[in-house]
Structure formats: C-alpha cells, structure tokens
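J.: First the structure, then my questions, so here it is.
The numbers here are math on the coordinates, done by the rules we state, and not lab data. Since we're looking at a predicted model, the values are computed, not measured. Cβ placement follows ideal geometry from the backbone for every residue including glycine, while neighbour counts extend to all protein chains displayed.
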C-alpha cells in the first residue's frame, strides 16, 4: 500500500482551459492520476434537455490533448467526471469521439472504461410505483408518471463504486457519465486504500480546480495528496496560494450546508475538520468523516421541454415612458390579447424584464429605481415556435408604437440594438426530475473499449 | 452604521442544485466573525425580511467556525433556467445581504 497518493486536477470544468506550465510542474513529483470534472447543472436544464455541452468541442479537444499526453506518458489513469457536461449518453459519446480522435492522431493505444449513467423512463416509473422516489428538498414537487414520460433524458449521479471497477480493470482512461462531482477523485484514493471520508472531502475541494486557492479560479491546476490520516492541498501556479481559510471556505462552496454533505449512499460530516498550514501554501486537512447511509440512494436528474421562446432586447430612454413602464406594458398586453382573441391565453405567456431596475432580483429587489434608462427584455413562451414568433412580433410592434398617456415621442418607444429585433431562441426546458431514488444494487454499467 | 459588505471578505450567492440558492458570508478575521455571530443579527427572521420570503423557505442558516463563515440556503421560487427564472447560476442574489446593517 502506498503512503501517499497524489491527484492532479487541471481545471474546474474540462474545456474551461488551464495554463500549461503549472500543470506540467506537477510532474516533478510522482502523480497517481489526473482527474477532471466536466459537469455541472449550474448552466440550467438546457444542456441535459437538448443534449448539448457547456464547452465547445474545440476547447474540449485542446484540454484533453494536454491531459491525455501526460496521463499516457506516465501510465497513470485519466478520469473524467460527468463527461460532456450533463453526463448523458450523447455527452459521453462526444467525449469518447474526441478521445478517439486524439489517440488516432498520435497513433496511440489505450484501454478506455466508459461508465453510463442513463436511466430508462420505465426504470424510474417502476421505482415511483414502489415508493422509492423522494424529492430532494421541500420545494420540489412530487414526481408523476406523466412528468417521467415527458422527460427524454434521465441520468443519475454515480458514487465511487463503478469507477473503482474500471480502475481495477486497469483502464488508462475512464469516461464517467453523470457523477457526484467528488466521486472520480474519491475513487482513485479509495482504489489505493485511502480513507473514503478524506478521499471524498479532497474530491470536493479538487473538483473546482484552483478555486480553493487565493486568488481562486476554475481555470488552473491544483494538487491534492492523500495520506492515511489526512490530506493536503497546494496550488501549482506561483501566483496563487492556499490558506487554511481559503480551503475551509471552499468546503462551503455551492452546497446547501457548510459541513454536512450528502453523496450517493453516504453522508460526509466535516464539522470536526481541522485545516492547518503545514508548510508554505500547503494546507493539511484532518477528521473528514464518512458515514454510510442505511439505504443506498442516488440523485436523479432529468429535463423536459416546456415551451418555445422568442425574445426582444430594447432600450427605453424617454423619462415619460420610464415613469409608467409597467402600466404601458399591461396595456400593450391587453391589445395583443385582443388582436389574437382566437388563441387560448393558456397557449402562451409574455414576461417583461427591466434591466437597470429590478431584472435580477424581481420582487425581491429592495432598492428603488433612480436611473435614466432601462434595458427592456421581453420574452414570449408558447407551445410552438411559430406561435412564439407571431405573438412576439405583435408585442414588439404594439409596444413600439403604443400611444401611452402623455406621450410626446410619437415616433417610437423602443431603441433596438439589432435588426432584426426578434430573436428566435428555440425550445425551453425545466428540471422535471431532481429526486432521490433508492436502489439495491449498482445500476451503473461499465463498458470497456480498447483502441 | 457599518454594513455587512464592509466587514465580510467574501459575500456571494450561488445555486446549491437547481432548486436552492446558497448565500455565503466569509470573514478573514476571527474577532469580526465572532462579533457578527454573537450579535445574532444574521437570523432566519432577518433573511426572511430582506428577501421577502416566508421563514419555511430558508432551508439552512448555519455558522461554520473553522471557515469563519455563515451559510444561508433559501428555496428558489423558480428552478434554475426554467421559464420565469432571472438568474440561472444564482450568482447575483447576494446584493440585498450586502446592505445589512450591523
């Protein structure tokens, strides 16, 4: 058994990019694996619903080329978590295609482990009927069969178990479908006999790249070292430095609770953790506790299409209009509804956003408006694209020419930055599934491909 | 009056999953952190008032001494990126908290 295991995380999201020098500097030490997270739900339901990626194919290939070169040269595993962003079949396949392309260009061979995270609708319906599905928080609606049938792509976050299987099979490259972000890092530690609590906690810190350093960024490398009773973290770029507070604070990041973290089949309790600087810029962490849950539950994610959108961005500078903008918009809507009286009001929705006034916080905005211009964005959400386009065109022309009370600018109300003004957006999605599913056996399938 | 933004080192908001937003207030001085913690100014009641929310929509409000930080997690009325959402990453919802008077 090794005394220490070094894990290199090049960046927070594969395809975000990272400077090459700090990454290469890591290899002055013996590195046991390169692990990178590629996924997130942060960018909204569209990536999963429309089966597209967060990063461009070009950036994915650029980052992967550097990572694979070092991984294969040093004969250490390269593990990619939540491949392609949302970690569904299309996303994993895109990543696999780029990996194959890079290997072919270099005439290199590799053993690739692919772990699928997709679930069939029927599997989820069965679980629902057996009472094995629960919402993740109180404000998430109960799941229904209808919603499941509307949701074309469903994935679940994997723990370390399937990744461990791929490591035991000596895969050079492991492409994971949707993963709990720390899992691919934890799997490497656990594979080498390290404590699961320390391995997952280190994974939680490394999965964002150098965000746990100061100044923090997702676009730079970070190095983690696991020991049997602790782990350490250090920045590789001399312009950044880890401190006990920066690392402790990162434990906080984008989680609902500061020290209780729920993962697939376990809870991490970090309340008793100690964060100490053991050498310049090297932060040691102890006492991360891994508590297995009584029941194994995994987090399901699914997105369904709910509407089509067309929108317009325009500026309003006239103070007479600014002073009564909301009233004017209401009157514009009355005219639009009257013009399209034959269309059911349930088939479309119009939303106005006032940038410069309260667009970001909406009803929760505590400050009063004191500007001289407002960026107006209005969107039409409708059951099909043609209807969204038609209603939006009518809202735009009615708003542009509307003769409101006291108007002096009788030539037009809106300053459009672009021609055409109406932007066809396409389908709009929502997270229709964000629930826990209780399972009895590892449902994630490992497939091995040699190229 | 001193505002929270003047005392905090980090004051941010971010999605904690698509259905919740988490607000982090972090300090770089233990005495300032202790002072804010002991004052009891950051409470579920204050957050409910600032954000115009019912108390039940505040899912967590926890102090974490090791990180000199306070975490507040609130329910989203509209999930990230769904029709009607205003902030897909939830990254700009912290501003009202900045003006909290200590």
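J.: Let's test the formula: R0 of 51 Å, r as the Cβ-Cβ distance of residue B:46 and residue A:3. What FRET efficiency results, to the nearest 0.05? The partial results should precede the final answer.
T.: Values: r = 49 Å, r/R0 = 0.96.
The calculated FRET efficiency here is 0.55.
J.: Rounded to the nearest Å, what's the spacing between the alpha carbon centres of the stretch A:316-393 and the stretch B:1-42? Just the number, please.
T.: 35 Å
J.: How far, in nm, would the chain grow between residue A:169 and residue A:30 when pulled straight, counting 0.36 nm per residue and subtracting the alpha carbon separation? Display every interim value, and only then the final one.
T.: On the way: separation 139, 0.36 × 139 = 50.04 nm, distance 2.16 nm.
Difference between extended and current length: 47.9 nm.
J.: Of the listed peptides A:192-202, A:417-427, what is their order by residue-averaged count of other C-beta atoms within 10 Å, with the highest listed first? Display every interim value, and only then the final one.
T.: On the way: A:192-202: 22.8, A:417-427: 13.4.
Final packing ranking: A:192-202, A:417-427.
J.: Suppose each label sits 7 Å from its Cα in the direction of the beta carbon; what would the residue A:320-residue A:410 distance come out to in nanometres?
T.: The two pseudo-label positions are separated by 1.0 nm.
J.: Any idea what the relative contact order of chain A is, in percent, if you count C-alpha pairs under 8 Å spaced at least 6 apart? All intermediate terms of the calculation are to be shown ahead of the outcome.
T.: Values: 1005 pairs, mean separation 87.9, N = 451.
19 percent.
J.: Continuing with this model, one more query. State the extension gain, in nm to one decimal, for the chain segment bounded by residue A:134 and residue A:295, taking 0.36 nm per residue of separation less the distance between their alpha-carbons. Show your work: numbers first, answer last.
T.: Values: separation 161, 0.36 × 161 = 57.96 nm, distance 1.29 nm.
Result: 56.7 nm gained on full extension.
J.: Still on this model: When ranked by the protection proxy of mean other Cβ atoms within 10 Å per residue, highest first, what sequence do the peptides A:271-284, A:298-311 form? Can you show the working numbers first?
T.: On the way: A:271-284: 15.5, A:298-311: 22.9.
My ranking of the peptides, most packed first, is A:298-311, A:271-284.
J.: Follow-up question, since we're still on this one. Need one number: nm distance between label points at residue B:102 and residue A:145, each 7 Å from Cα along Cα→Cβ, rounded to one decimal.
T.: Here the modelled spin labels are 5.7 nm apart.
J.: Computed FRET efficiency, Cβ-Cβ of residue A:120 and residue A:383, R0 30 Å: what is it to the nearest 0.05? Spell out each step's value before the answer.
T.: Working: r = 27 Å, r/R0 = 0.90.
About 0.65, to the nearest 0.05.
J.: Also, I was wondering about something else. FRET efficiency for residue A:351 and residue A:267, Cβ-Cβ distance as r, R0 = 45 Å, nearest 0.05? Write out the running numbers ahead of the final one.
T.: On the way: r = 39 Å, r/R0 = 0.87.
Taking R0 as 45 Å, the efficiency between residue A:351 and residue A:267 is 0.70.
J.: For the Cα atoms of chain A, what angle does the longest principal axis make with the long axis of helix A:89-105, in degrees from 0 to 90, nearest 10?
T.: Relative to chain A, helix A:89-105 is tipped by roughly 60 degrees.
J.: I've got another one for you. Hey, how many Å between the Cα centroid of the stretch A:154-200 and the Cα centroid of the stretch A:86-109?
T.: The stretch A:154-200 and the stretch A:86-109 have Cα centres separated by 19 Å.
J.: Just checking the output field for A:242-254: average partner chain Cβ neighbours within 10 Å of each residue's Cβ? Mind dumping the intermediate values first?
T.: Details: counts 0, 1, 3, 11, 5, 2, 7, 11, 1, 4, 13, 6, 10.
Averaged over the peptide's residues, the number is 6.
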